[in-house]
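Notes follow once the structure below has been shown.
The values are calculated or read from the model by the stated rules, or taken from the named source; none is laboratory data. All figures in this text were calculated on a predicted structure; none of them were measured in a lab. Here the Cβ positions follow ideal geometry from the backbone for every residue, glycine too, while neighbour counts run over all protein chains shown. In case anyone asks, the SASA skips ligands and DNA or RNA and just uses the protein heavy atoms, side chains included. Shrake-Rupley method; radii C 1.70, N 1.55, O 1.52, S 1.80 Å.
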Amino acid sequence: MISSSFPGLERYLESGVAEVEAALERSVARFEGGFGAGVDPATRSAVRHGVLSGGKRLRPVLCIAAYEACGGTREPGAYDLAAALELIHAFSLMHDDLPCMDDAELRRGRLTTHRVHGEEATILGGAALIPMAALQALEACAGLGCDEARARRVARRLMEASGAGGMVGGQWLDLLGEGRTLTKNELDELHRRKTGALLAASVEIGAIAAGASDDDVEAVIGYGQAIGLAFQIADDVLDATASAETLGKIPSDAELDKSTYVAQYGLADARARAREQVDEALGALDAAGLRSDALEALARYVVERGK
Ligand code: GRG
């Protein structure tokens, strides 16, 4: 049942995204005035373009929802922590769009960062976001009153989810898999790392920062892993069915000869599998008594979104 204090997903997203945008603006301004002041203007512009060009801001919103579900309260410092996840996401998209990766021209309805600011600036700017995210997470944790051990745990999980065992490793599996049909297990493993690891870390980090017990953190990770898979299945369905205009980018799975959940299961079964993952995600929360209106609505949104 939706409680009276939950404003509905649309308004929840609207206010959450506005706070995330403000936190990201603070991050970029700090970069521009701090160690980013020592790099060339094109790299600074690439960072601004890559970080502040829209998007659903799903990872930070998930982080905040988990933080709240575990007893934290929404405050600017919590959004600074959540924005660290988006800095990593922004780096991944900047690099993923490069000619040596997916060679994409459009993202979120705009020219990609390297098409506007050049490849060198995009590589450098994207790389700068990684340490920026780790430092921002540590500082935000300190501001939220987390002790050193908890802050270190947050930063460690952020870096683990971004690295070879997570997103970068998933990208590597993705590149290796081009032009060949992956098995179901290979496809799950690829996406568990490439997309799932950062989505799961988003809620995990929110829970850790709020001081959740180990059991509660585990439950939240279960939720995050299930919605991570659901997100990717929905992404493949959208790539196969939605227009470039709706997506703000040119669907590319078929052109890049990628294995997808749609190719593996067919559209109807892929959709059904995504819905099953939502049930699994909510079940994980229920087992720990952590289901909140926001986490439930976000899980459903992950599979019902139009872009
Ligand atoms: C070190 C060069 C180099 C590469 C390795 C590029 C990279 C690191 C990893 C890329 C992995 C990647 C792009 C994962 C994200 C996949 C994905 C589904 C992105 C779309 O996410 P949304 O829908 O996007 O949340 P918005 O636009 O809403 O933010």
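At most 14 other C-beta atoms within 10 Å and a DSSP loop state: those are the exposed GluC sites (Glu not before Pro) I care about. Give me the longest piece of the chain that has none.
1-104
Taking only C-alpha pairs under 8 Å that are 6+ residues apart, what is the relative contact order of the stretch 111-263 in percent?
This gives 21 percent for the stretch 111-263.
Are there cysteines in the chain with no second cysteine's Cβ under 4.7 Å away, and if so, which?
By the Cβ distance rule, which asks for a partner under 4.7 Å, the isolated cysteines are 63, 70, 100.
Only helical DSSP H runs with n ≥ 4 go in: add -39500 (n - 2.57) per run for the chain, normalise by residue count and round the 222 nm mean residue ellipticity to 500 deg cm²/dmol.
Helices in the chain give a 222 nm mean residue ellipticity of -23000 deg cm²/dmol.
Accessible area, 1.4 Å probe, largest first: how do 198, 135 sort?
From most exposed to least exposed: 135, 198.
Excluding residues fewer than 8 places away in the same chain, name every one of the lysines whose C-alpha is closer than 19 Å to that of residue 56.
Within reach: 194, 249, 307.
Give the long-range amide H neighbours of residue 107: residues separated by 5 or more places, or on another chain, with amide H under 5 Å away, using H modelled in the peptide plane at 1.01 Å from N.
Amide H neighbours of residue 107, under 5 Å, 5+ apart: 112.
Tell me, what is the percent relative contact order of the chain, built from C-alpha pairs under 8 Å that lie six or more residues apart?
About 20 percent, as a whole number.
Counting only protein chains, not ligands or nucleic acids, how are 100, 146 ordered by accessible area (probe 1.4 Å), most first?
100, 146
Aspartates and glutamates near residue 258 by alpha-carbon distance under 17 Å, same-chain residues fewer than 8 away left out - which ones?
96, 97, 102, 103, 174, 178, 186, 188, 189, 235, 236, 239
7 Å from Cα along Cα→Cβ at both residue 304 and residue 286: what's the point-to-point distance in nm?
1.8
Sorting 214, 174 by accessible area (1.4 Å probe), largest first, what list results?
So, going from the largest accessible area down, we get 214, 174.
To the nearest 10 square angstrom, what accessible area does residue 156 show with a 1.4 Å probe?
150
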